[in-house]
Amino acid sequence: MVFVDASLALIELKQRGSGLANVGVDFGETDFAALARAFGGAGAVCETRAELAAAMARALAAQTFTVIACRIPRQSYDGRL
């Protein structure tokens, strides 16, 4: 399981709290599920608890390794979700 942030959201939260601009905290997202498939395993991407539960069930039944990438929206850190 990989927790995937597309930014350094906690640092961004501190920048906003200090009245600073959003600088140097955003970056491109790695497709961990695709990497797992490229190496012969299984990969899944989850954005909800239901998707995570389904991905875990598939992973436990799989005959190979599985990488589950759990996306974490930046709003989840400051309660905007």
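The values are calculated or read from the model by the stated rules, or taken from the named source; none is laboratory data. Everything numeric here is computed off the predicted structure, so don't read it as measured data. Here the Cβ positions follow ideal geometry from the backbone for every residue, glycine too, while neighbour counts run over all protein chains shown. Quick note on the areas: whole protein, heavy atoms, side chains included, nothing else; ligands and nucleic acids left out. Shrake-Rupley method; radii C 1.70, N 1.55, O 1.52, S 1.80 Å.
For residues that are in contact with a Lys or Arg (Cβ under 8 Å, 6 or more places away or on another chain) and not aliphatic (A, V, I, L, M), scanning just segment 1-22, find the one that is surrounded by the fewest Cβ atoms within 10 Å (Cβ to Cβ). Only one residue tops the list, namely Asn22.
Counting only residues that are assigned to a loop (DSSP other than H, G, I, E, B) and open to solvent by 80 Å² or more (accessible area, probe 1.4 Å), segment 23-70 holds 8 of them. Applying a threshold of 6 Å to beta carbon distances and a minimum spacing of six or more residues, or different chains, the list of pairs starting in segment 57-73 at a residue that is under 10 Å from Gly41 (Cβ atoms) and ending at one that is among the β-branched types (Val, Ile, Thr) and at pLDDT 95 or above reads Ala59/Thr66. Applying the criterion of being among the aromatic types (Phe, Trp, Tyr) and at pLDDT below 95 to the residues of segment 1-41, the residue that is farthest from Thr66 (Cα to Cα) is Phe27.
Within segment 1-22, the set of residues being outside any strand (DSSP E or B) and touching a strand residue (DSSP E or B) at 6+ places or on another chain (Cβ under 6 Å) comprises Met1 only.
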